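*Asks:* Okay, handing you the structure first.
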Amino acid sequence: MIGNGSNFVDHGLSEADPEVRSIIDKEKERQFKSLELIASENFTSRAVMEAVGSCLTNKYSEGLPGKRYYGGNEYIDELETLCQQRALEAFQVDGKKWGVDVQPLSCSPANFEVYTAILKPHDRLMIADAVGAFLMMDMAHISGLVAASVVANPFEYCDIVTTATHKSLRGPRGGLIFFKKDTVLGVDLESAINNAVFPGIQFPCRENALLT
Ligand SMILES: Cc1ncc(COP(=O)(O)O)c(C=O)c1O
């Protein structure tokens, strides 16, 4: 019990768990003082850190904006819709032709979610044009260059494009799946992919990492 009558004391990390605080501090020091040349990694901004460490981490928001399983998602819906708009804008993609699922936890589950959506047992990933197959690109490493129009645009050729958000995009750890809105090879990619993400593979999405 503390002086102000509250029995719920919400300490900062240094007080609540100095051991963990000290490990984080050492890692921060290491990141500042060493030269890191790992292509998968980046250093995100303070603003992203702030969003990731916010109250959004408390919320469950299974489903899609306007179609949630739980109540209290009005601001999460606003956030996810904004994130979808920004993801399409970042790659100058026409929102009438393309949709995006912004919930993947990172690019590896995003890829597996795409395979879950479109592959049947014993199907193969092939060279697309020659065999009349879906064309998918994982642009995880070069998505910043795609957004800046420095390299060829996969949206001109592909049916599905996946990316991580924490590599050259320098956002929080997350993944995106872009899909054509028109039916491809008889498959409604939008519902197949959204359903593969949730409830197929993931239950919670990380709302605190949505604002990429
Ligand atoms: C091409 C490619 N896709 C996916 C991944 C894994 O991405 P994530 O860490 O977002 O799961 C990597 C990792 O570097 C990668 O190089």
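*Asks:* Using 0.36 nm times the number of residues separating Lys33 and Tyr70, minus their current alpha carbon distance, what extension gain do you get?
*Replies:* Values: separation 37, 0.36 × 37 = 13.32 nm, distance 4.44 nm.
Result: 8.9 nm gained on full extension.
*Asks:* Looking at the chain, which longest stretch skips every one of the trypsin sites (Lys or Arg not before Pro) that is in a DSSP loop with at most 15 other Cβ atoms within 10 Å, leaving the sites themselves out?
*Replies:* Excluding the exposed sites themselves, the longest stretch runs over 1-95.
*Asks:* Give a quick list of chymotrypsin sites (Phe, Trp or Tyr not before Pro) in segment 27-106 that DSSP marks as loop, anything other than H, G, I, E or B, with at most 11 other Cβ atoms within 10 Å.
*Replies:* For chymotrypsin sites (Phe, Trp or Tyr not before Pro) across segment 27-106 that sit outside H, G, I, E and B with at most 11 neighbouring Cβ atoms in 10 Å, the list reads Phe43, Tyr70.
*Asks:* Next question. Dipole of segment 55-209 (Lys/Arg Cβ +1, Asp/Glu Cβ -1, origin at the Cα centre): which of Thr81, Ala130, Val150 lies farthest to the positive side?
*Replies:* Val150
*Asks:* Right, here's the next one. If you place +1 on the Cβ of every Lys and Arg, -1 on the Cβ of every Asp and Glu, and leave all else neutral, what size is the dipole of the chain about its Cα centre, to the nearest 20 Debye?
*Replies:* 240 debye
*Asks:* If eta is 0.692 mPa s and T is 37 °C, what Stokes-Einstein diffusion coefficient results for the chain, Kirkwood Rh from Cα pairs, in µm²/s?
*Replies:* 172 µm²/s
*Asks:* While we're looking at this one, here's another question. What's the lysine pair count for the chain at a Cα cut-off below 29 Å, pairs eight or more apart or interchain?
*Replies:* Lysine pairs satisfying the spacing and distance rule in the chain number 24.
*Asks:* Okay, moving on. Output the antiparallel fraction of DSSP beta bridges having both residues in the chain, as a percent to the nearest 5.
*Replies:* 80 percent
*Asks:* In a GNM of the chain with a 10 Å cut-off on Cα contacts, which of Glu36, Glu19, Glu156 has the highest mean-square fluctuation?
*Replies:* In this elastic network of the chain, the residue with the biggest mean-square fluctuation among Glu36, Glu19, Glu156 is Glu19.
*Asks:* Label-point separation (nm) for Lys181 and Glu19, each offset 7 Å from Cα along Cα-to-Cβ?
*Replies:* Label-label distance for Lys181 and Glu19, simple model: 5.3 nm.
*Asks:* Under a 5 Å amide H to amide H cut-off, with H placed in plane at 1.01 Å, what residues pair with Leu169 once short-range neighbours are removed?
*Replies:* Sorted by chain and number, the residues that satisfy this are Gly144.
*Asks:* Continuing with the same structure: How big is the Cα convex hull of segment 1-90 in projection, averaged over all directions, in nm²?
*Replies:* Value for segment 1-90: 10.0 nm².
*Asks:* Any idea how far apart Glu41 and Thr57 come out in nm if each label point goes 7 Å out from Cα toward Cβ?
*Replies:* 2.0 nm
*Asks:* Still on this structure, I have one more. Sum -39500 (n - 2.57) across every DSSP H segment of at least 4 residues in the chain, then divide by the residue count to get the 222 nm mean residue ellipticity, nearest 500.
*Replies:* Calculated mean residue ellipticity at 222 nm is -9500 deg cm²/dmol.
*Asks:* Oh, and also: Which chymotrypsin sites (Phe, Trp or Tyr not before Pro) in segment 140-189 pass both tests, a DSSP loop state and at most 15 other beta-carbon atoms within 10 Å? Intermediate values should be presented prior to the final figure.
*Replies:* Numbers: sites: Phe155, Tyr157, Phe178, Phe179; in loops: Tyr157.
Listed in order of number, the matching sites are Tyr157.
*Asks:* Sort Asp182, Asp138 so that the residue with the fewest other Cβ atoms within 10 Å of its own Cβ comes first and the one with the most comes last.
*Replies:* By the 10 Å Cβ count, ascending, the order reads Asp182, Asp138.
*Asks:* A further question follows. Counting every Cα pair in segment 121-180, what percent are over 13 Å apart?
*Replies:* 64 percent
*Asks:* Another one. Taking amide H positions as placed in the peptide plane 1.01 Å from N, state which residues far from Trp98 in sequence (5 or more) or on other chains have amide H under 5 Å from it.
*Replies:* Lys181
*Asks:* Segment 83-193: percent of C-alpha pairs farther apart than 25 Å?
*Replies:* Here the long-distance tail beyond 25 Å is 15 percent of all Cα pairs in segment 83-193.
Just so you know, all these numbers are worked out from the coordinates, no wet-lab data involved. Nothing here was measured: the structure is a model prediction, and the numbers come from that model. Note that we place each Cβ from the backbone using ideal geometry, even for glycine, and neighbour counts take in every protein chain shown.
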